[in-house]
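Here the structure comes first, spelled out in structure tokens, and everything after it is commentary.
The values are calculated or read from the model by the stated rules, or taken from the named source; none is laboratory data. Just so you know, these numbers come straight off a predicted model, no measurement behind them. Positions of Cβ are generated from backbone atoms using ideal geometry, with glycine treated the same way; all protein chains shown enter the neighbour counts. Quick note on the areas: whole protein, heavy atoms, side chains included, nothing else; ligands and nucleic acids left out. Shrake-Rupley method; radii C 1.70, N 1.55, O 1.52, S 1.80 Å.
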Amino acid sequence: RAMLTPRGVSDDDGVDGGLQEQAGARLRLLDVPVLLGGGACRIWRPDLAGGNDACLLWDALYDPSFSEWRRYALHLVWPLEPGYIRGFFISAALLLQGYSFEHEVGTSHFAGLFLGVHATAAAVMLYKQRSMCFLSLEPALAGLTMVMHIVNPKVHSDGLDKSIKVPFPIEARWHVWILQSILLLTAADFPTAMLMHASGLAVSGVLALRDPDVVLTGWTAARARSFGLGAAVHVALFLFAMLFMPLTASALPADFSQALVDGRALRWSWWKASVPGSPALLHVALAGGLSPEALFICKVAVSFALPLLLTPFRMWVRFYSGACVLLVMYAMNSPVWVYPHAGFVALLYL
């Protein structure tokens, strides 16, 4: 953790509850009223987002200009969606990061990580044209949650009142993960929110891989064939099946035996032409091809997949297996169902 944690700070050092009045979280405390003001401004002035005045565009990022100061300032505090509830969740997550993570690594180090993840995520999203309008701090918040999980700052309650004191250090990273999952789950535009969060997590993942301890831990888990490695592979397959594997086939190949004899069945192009597939499970659910209950199961499974994967518990695997069974049943009862395809087979396996 030499790259993520400054010199002189150990992993066992925690944040004392009596130190909350110090200046460790002043950056986050300043951000909270600004973010709430941005949420209120989006409710009162929706025309700013509609006219792209609050959007960070590729031209403004690639060729900075002082005349675009309004765009640079508004896109940081402008919420991804209208409403004040989302602003409260973001503010709560930032306060938790400020009182724990920022206090441990320092305000300048925390601000550098935060702005670096935000700028990199914006550059990736705009360069790949995954988003023409980059808004909100949610990608950076998702990325810093991953970094915070590695550093694992602890909060001690020694300086608090006896009525709320606990005999163990509090790992604030799990509270931030819960808020992060709720932000994704409650998004009205779920695909956009998922893409924004994924961009921040991808940037922080590359940042985490620079830490030798992370690489060593992953290599040790791979050699030991631990539960965490197997769970990670299965969760990755689950997400890949939901996002990319066709759910159902509209027709079966008519000349399979002949194609097997002459070798055409060994070509991917033949399977793609002979077995036309539908979109993946999540895309079908978002388009209304599945019931609202199936869409809710998909959202819950995607939103809580990463934090559950990082926990030391194993009970959640049973719930995901049950979710796969329910999704298989909902898929077979949907109007788009004809024949099973790769996504359906993956759900049966999981």
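Quick rundown of the values:
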read-out: Trypsin sites (Lys or Arg not before Pro) within the range 127-169, DSSP loop, no more than 16 other Cβ atoms inside 10 Å; value: K128, R130, K162, K165
read-out: Nonlocal amide H pairs with K154, under 5 Å, H built at 1.01 Å; value: V15
read-out: Per-selection Rg to Rh, the range 203-338 - Cα, Kirkwood hydrodynamic radius; value: 1.08
read-out: Sulfur and carbon atoms: percent of accessible area, the range 91-242 [1.4 Å]; value: 69 percent
read-out: Packing rank of 283-293, 87-97, where each peptide gets the mean count of other beta carbons within 10 Å, highest leading; value: 87-97, 283-293
read-out: The range 70-123: C-alpha gyration tensor shape, a/c 1.5 cut-off, then a/b vs b/c; value: oblate
read-out: Normalised per residue, the volume of the convex hull around the Cα set of the range 100-199 (Å³); value: 110 Å³
read-out: Lysines with Cα under 28 Å of K154, excluding same-chain neighbours fewer than 8 positions away; value: K162, K165
read-out: Rounded to whole Hz, the Karplus (6.51, -1.76, 1.60) HN-Hα couplings of the range 242-256, x for glycine and proline; value: 6, 9, 10, 7, x, 7, 9, 9, 7, 7, 9, x, 7, 10, 5
read-out: Per-residue HN-Hα couplings for the range 273-281 [Karplus 6.51, -1.76, 1.60; θ = phi - 60°; Hz; x = Gly/Pro]; value: 7, 8, 10, x, x, 7, x, 5, 4
read-out: Filtered trypsin sites (Lys or Arg not before Pro), the range 297-334: DSSP coil and at most 16 other beta carbons within 10 Å; value: R314
read-out: Environment charge of L306, counting only residues whose C-beta is closer than 15 Å and scoring Lys/Arg +1, Asp/Glu -1; value: +1
read-out: Under Karplus coefficients 6.51, -1.76 and 1.60, residue-wise ³J(HN,Hα) of the range 183-198 in Hz, glycine/proline x; value: 4, 6, 5, 8, 5, 5, 9, 4, x, 5, 4, 5, 5, 5, 5, 5
